[in-house]
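As structure tokens, the structure follows; a few thoughts come after it.
The values are calculated or read from the model by the stated rules, or taken from the named source; none is laboratory data. No experiment lies behind these values; they were computed from the predicted model shown. Every residue, glycine as well, gets a Cβ built from its backbone with ideal geometry; the counts of neighbours run over all protein chains shown. Note: accessible area is taken over every heavy atom of the protein model, side chains too, but ligands, DNA and RNA are not part of it. Shrake-Rupley method; radii C 1.70, N 1.55, O 1.52, S 1.80 Å.
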Amino acid sequence: MKKITLLLALVCSMSLFATRYLVQTGAGGAATWRAAEAGETLVDLTVAGQSFNTWYTATVVANDEVWMAAGTYVLSGVVTIALDNHSVYGGFAGTETATSQRAKVVDGYPWEFTNATVLDGNNAMQVLLAANVFPNVLFDGLTLTKGSASVGAVQYRDGVTLRNCKIINNNSTGNGGGLNLYQGGQIIDSYIAGNVASTGGGIYSNNATTAIAVVSGCLIENNRAYTTAGGIRVQGAGPGTTDVIDCIIRGNKGLDNAGTVAKPGGAIYTNSIYNKFNNCLVYNNQGTNAVYFNGGNFNNVTVVNNIGQVYIANASVAIGITNSIVWGNKTDVTGATNTGITSNTTNTNVNISNSAVYPGLALEAYTQTDNIAIEINNDSQEGAKGPGFLTPTTFWGAPVGETQTTEFLAADWKIKYTSGCLGLGKTLAGITTDLIGISRPQGAAYDIGAYELSYFNTIVTFNAGGTVNALTSGDILSEPEGKPMAFTITPNSGKEIASVKYNNVEVKGDMVGNVYTAPALAADATLVVEFSIVDSFNQINKTFACFSTKNSIELRGVNAGQEVTVYSLTGVRMFNVKAVHAEMSIAVARGIYVVKVADMVKKVVVD
């Protein structure tokens with residue numbers, strides 16, 4: 001039966017493609033493929049005398065798969081998509097028999113393959129082009145670089161998906177240095193960096209026809225536009241849409257070629273109402289404004305430490321900003337003047353709700369609901385005073401030099417449990433997780449900003465004989481990550497605390513008085529307290545034996561966790577430790593000492 005099941009699985013997997021091509025560059029020292037299996041064809045481009053683009057155009061048909069071994073494939077022309085329903089995968093060492101076997105860089109991003117497959121435009125052409133709609137086309141695990149064209153180094157439409165790809169160091173004199181999503185298409189879990197264009201340094205998306213463009217799980221950084229939109233530009237009269245979801249947009253610039261004149265939309269430039277940005281982090285970008293907003297929606301977006309404000313650019317179009325943070329943005333690198341959400345016009349179709357904005361909003365300019373006031377001081381981020389970020393950057397705009405770059409890469413814009421943004425957002429349809437996949441809400445309501453602070457459960461159990469806070473045994477406390485939990489443990493008359501275990505570790509000795517303070521919450525936890533009867537046997541256990549030998553004090557009958565302190569006769573503390581075993585030996589010089597164990601004291605002479 002197992003053999004039949006396995007055979008059926010193999011037949012089904014084989015039927016997913018017509019031919020699987022195992023492609024290698026053939027260059028000296030480059031990766032080579034294992035022997036081809038049934039349904040596979042080995043292709044050595046050097047032997048074939050072709051560049052990848054010419055081979056691909058002449059060979060691949062619908063339902064084919066192309067697996068590309070690691071190496072740099074320098075193109076002689078554009079890789080032009082001209083048919084639907086096929087896939088191209090890179091990132092192979094040459095030994096794999098499944099795409100899931102491709103090695104990833106340890107602790108890296110989805111696009112970081114150990115064995116990189118590079119499509120190189122040689123600074124002379126576009127790298128990838130789909131001039132029409134071609135459904136069910138996937139490019140996965142490729143680095144697309146050195147494209148140079150008038151319109152997008154990589155240009156495609158609805159039906160084409162790029163996933164786990166790197167689009168780096170491309171150049172366009174027109175729209176979209178890295179990507180031109182011309183009427184739809186998807187870019188998923190990918191890296192868009194170091195690209196330059198007239199507009200849309202990283203990405204340009206055109207909301208025409210009914211096509212849907214999706215940018216999801218991407219890192220868009222260090223791109224530049226010398227006219228508008230360093231990171232991403234959304235354009236078009238619809239009804240097609242652009243959805244930017246769970247993305248980080250950082251370090252991008254709206255600057256002219258000389259690098260001196262600021263341009264609009266250092267991070268984002270929207271010129272369409274048919275777009276939304278959900279769960280996005282926008283930090284340390286720079287331009288005339290960080291976000292040029294001419295329509296669309298921000299939901300749970302964090303816009304921080306940019307040079308340039310969020311600029312409302314239209315007097316009538318609908319713009320929504322919900323559950324978002326706009327804080328710490330400046331007008332220039334000196335940090336002299338703060339800037340938040342501004343406009344040169346009144347637009348009552350702008351609706352800002354459940355957001356944290358500094359400086360405050362002009363009340364007459366926009367429709368507002370349940371917003372909160374925050375302060376700018378990096379040193380005053382607790383409670384209602386500020387967003388309460390874990391590790392914000394301390395400078396504005398794109399990083400300059402090694403020190404700022406290190407800080408920029410290490411920044412952590414999650415909020416603390418003391419943040420004024422905790423639990424003050426509202427439920428939004430379609431948004432059920434945060435930037436990194438944590439479900440929303442964790443507490444009673446959504447958090448404001450791109451990140452939802454995790455909550456963890458502490459189960460508290462105890463036997464009869466006392467109380468723990470005002471709880472009932474078996475109660476579950478749900479509290480935010482990072483919060484230290486304090487428990488007041490009170491035995492009833494005639495009872496005593498026999499044991500306190502936190503996550504199965506005895507912590508009774510860590511109590512101060514009757515209070516145990518647990519570490520900052522980082523995971524679900526348990527607290528188990530045991531009370532026992534105080535009787536003659538327990539009283540005996542409360543005593544300890546203390547006697548001297550040559551050059552030492554000997555203790556017997558000490559309970560684990562009890563604090564042991566030795567003082568000289570003049571009151572100087574000589575020794576202090578928490579007991580681990582019932583017997584202890586403490587080396588001392590000749591003299592008279594006072595030994596204190598818990599609340600019991602004895603005197604001993606060492607001679």
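Couple of notes before you dig in:
- Selection of segment 50-86 for residues being open to solvent by 60 Å² or more (accessible area, probe 1.4 Å) and among the acidic types (Asp, Glu) yields only ASP84.
- LEU83 closer than 24 Å to GLU221 by Cβ, among the aliphatic types (A, V, I, L, M) and outside any helix (DSSP H, G or I): no
- In segment 582-600, of all residues being of a type outside the set (Val, Ile, Thr) and not in a strand (DSSP E or B), the one that is nearest to VAL505 (Cα to Cα) corresponds to ALA582.
- Number of residues in segment 564-581 that are outside any strand (DSSP E or B) and surrounded by 15 or more Cβ atoms within 10 Å (Cβ to Cβ): the value is 1.
- From the list GLY94, GLY90, the lone residue that is modelled with pLDDT of 95 or more, part of a strand (DSSP E or B) and not β-branched (Val, Ile, Thr) is GLY90.
- Residue list for segment 440-466, filter: open to solvent by 60 Å² or more (accessible area, probe 1.4 Å) and either farther than 17 Å from PRO519 by Cβ or of a type in the set (Lys, Arg) (or both): ALA444, ASN463, ALA464
- If you check GLY152, GLY108, GLY141 for being within 32 Å of the chain's Cα centre (by Cα), at pLDDT below 95 and within 19 Å of LEU179 (Cβ to Cβ), only one passes: GLY152.
- Residue selected from segment 483-508 under the condition under 11 Å from VAL460 (Cα atoms) and of a type outside the set (A, V, I, L, M, F, W, C), by the criterion farthest from the chain's Cα centre (by Cα): LYS501
- Of the residues making up segment 132-148, those that are aromatic (Phe, Trp, Tyr) and either in contact (Cβ under 8 Å) with a residue 60 or more places away in the chain or buried (at least 22 other Cβ atoms within 10 Å of the Cβ) (or both) number 1.
- Residues of segment 413-433 satisfying the condition of being in contact with a Pro (Cβ under 8 Å, 6 or more places away or on another chain) and either under 18 Å from VAL303 (Cα atoms) or of a type in the set (Lys, Arg) (or both): TRP413, ILE415, SER419, GLY420, CYS421, LEU422, GLY425
- Scanning segment 473-489 for residues that are surrounded by 16 or more Cβ atoms within 10 Å (Cβ to Cβ) and β-branched (Val, Ile, Thr) returns a single hit, ILE489.
- Of all the criteria given as (1) at pLDDT below 95; (2) β-branched (Val, Ile, Thr); (3) buried (at least 16 other Cβ atoms within 10 Å of the Cβ), the one not satisfied by THR549 is (3).
- Looking only at segment 453-482, and only at residues there that are in contact (Cβ under 8 Å) with a residue 60 or more places away in the chain and assigned to a loop (DSSP other than H, G, I, E, B), the one that is nearest to the chain's Cα centre (by Cα): GLU481
- Among the residues making up segment 158-171, those that are surrounded by fewer than 24 Cβ atoms within 10 Å (Cβ to Cβ) and either in contact with a helix residue (DSSP H, G or I) (Cβ under 8 Å, 6 or more places away or on another chain) or farther than 17 Å from VAL66 by Cβ (or both) are ASP158, GLY159, ILE168, ASN169, ASN171.
For every residue, the table says whether it meets (1) out of contact with any His (no Cβ under 6 Å at 6 or more places or on another chain); (2) within 29 Å of ILE438 (Cβ to Cβ); (3) at pLDDT 95 or above.
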{"position": "SER493", "(1), (2), (3)": "yes, no, no"}
{"position": "ASN503", "(1), (2), (3)": "yes, yes, yes"}
{"position": "VAL512", "(1), (2), (3)": "yes, no, no"}
{"position": "ALA518", "(1), (2), (3)": "yes, yes, yes"}
{"position": "LEU521", "(1), (2), (3)": "yes, yes, yes"}
{"position": "ALA525", "(1), (2), (3)": "yes, yes, yes"}
{"position": "VAL529", "(1), (2), (3)": "yes, no, yes"}
{"position": "ILE533", "(1), (2), (3)": "yes, no, no"}
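- Cross-chain or 6+ apart pairs with Cβ under 7 Å, segment 324-346 first and of a type in the set (Lys, Arg), then open to solvent by 40 Å² or more (accessible area, probe 1.4 Å) and part of a loop (DSSP other than H, G, I, E, B): LYS330/THR337; LYS330/TRP396
- Checklist (1) surrounded by fewer than 21 Cβ atoms within 10 Å (Cβ to Cβ); (2) on the phi < 0 side of the Ramachandran plot applied to GLN286, failing item: (1)
- Test: residue in segment 424-434 that is of a type in the set (A, V, I, L, M), out of contact with any Leu (no Cβ under 8 Å at 6 or more places or on another chain), more than 22 Å from ILE307 (Cα to Cα) and open to solvent by less than 50 Å² (accessible area, probe 1.4 Å): yes
- Condition met for ALA31 (surrounded by 11 or more Cβ atoms within 10 Å (Cβ to Cβ) and either modelled with pLDDT of 95 or more or of a type in the set (Val, Ile, Thr) (or both)): yes
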